[in-house]
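Just so you know, all these numbers are worked out from the coordinates, no wet-lab data involved. If you're wondering where the values come from, they're calculated on a predicted model, not measured in any experiment. Using ideal geometry, Cβ is built from the backbone for each residue, glycine included, and neighbour counts are taken over all protein chains shown.
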Amino acid sequence: EVQLLESGGGLVQPGGSLRLSCAVYGVTFSSYAMSWVRQAPGKGLEWVSAISNSGGATYYADSGKGRFTISRDNSKNTVWLQMNSLRAEDTAVFYCAKGMTTVPWSAFDIWGQGTMVTVSS
Amino acid sequence: QSVLTQPPSASGTPGQRVTISCSGSSSNIGSNTVNWYQQLPGTAPKLLIYSNNQRPSGIPDRFSGSKSGTSASLAISGLQSDDEADYYCAIWDDSLNGPGVFGGGTKLTVL
């Protein structure tokens, strides 16, 4: 069974940083692109960032460009989202999602349970 | 404001067929395939339809997707109470700086 387990969420002050992790089990991690998707309380889904299977290509939503960095280590079956200069509007549940293929534009067929990020003083 | 437009709500009675629309443009739906996700209350999203009309393993054939021009639709036949959820269309839009896009979501109520 494929499983995605996110961690690293929590309460952080505006301007602070957090690093989210997503450990992937039950699949050949290096064969799939990965993405992060967030959902603010009571709001819809928002795509945040994606990375190709090799890590050679990364993509960001405008909302996180310059502040967020996605990375992966295929030897550790883990993808990360480093978030700096956090703002109140970044408060959301962050989901890790596995792509169906190597490329970031493939559908997200497996999702993690989500990790809550709260940005507040 | 998403580049993909969905109706905020939809409803139907058990057994009925309902459709949810997703309207875009030539740079997104007109050029790429559409995926649909179901999010039951309090849970993570689940892939329902990929590549316009393909169902992942385990998704019943009551769910179907279609695309025409710059619009896509999700149809649910034989509506069940368990289908009450939020539904999102999604696409990759190369014309945007941030290319991954979700529609605003449609809340489906089973009356």
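Electrostatic bookkeeping for B:PRO7 treats Lys and Arg as +1 and Asp and Glu as -1; over the other residues with beta carbon under 13 Å from its beta carbon, the sum is 0.
Model label sites at B:ASN53 and A:GLU89, defined 7 Å from Cα along the beta-carbon direction, differ in position by 3.9 nm. For the residues of A:103-114, the average number of beta carbons from a partner chain within 10 Å of their own beta carbon is 5. Counting Lys and Arg as +1 and Asp and Glu as -1, what is the net charge of the other residues whose Cβ lies under 11 Å from the Cβ of B:LEU79? Spelling it out: positives minus negatives among the neighbours equals -1.
Look at the dipole of chain B built from charges on Cβ: of B:TYR88, B:GLY58, B:LEU47, the Cα furthest out on the positive end belongs to B:GLY58.
From most to least packed by mean Cβ count within 10 Å, the peptides B:68-74, B:83-89, B:5-11 give B:83-89, B:68-74, B:5-11. Each listed q (0.16, 0.21, 0.23 Å⁻¹) maps to a log10 I(q)/I(0) for chain A, found by the Debye formula over equal Cα scatterers with no solvent: -0.67, -1.14, -1.35.
Report the Stokes-Einstein translational diffusion coefficient (µm² s⁻¹, integer) for chain B, Rh taken as the Kirkwood radius over Cα pairs, at 37 °C with viscosity 0.692 mPa s. For the chosen part, D equals 237 µm²/s.
Other chains near A:65-76: what is the mean number of their Cβ atoms within 10 Å of each residue's Cβ?
On the way: counts 2, 0, 0, 0, 0, 0, 0, 0, 0, 0, 0, 0.
What the average comes to for A:65-76 is 0.
Within the shell defined by Cβ-Cβ distances under 12 Å, the residues around B:ASN53 carry a net charge of +1, with Lys and Arg each +1 and Asp and Glu each -1. Residue by residue along B:32-44, Cβ atoms of other protein chains within 10 Å of the local Cβ number 3 on average. Gyration tensor analysis over the Cα atoms of the protein assembly as shown returns equivalent ellipsoid semi-axes of 28, 19, 18 Å (largest first, whole Å).
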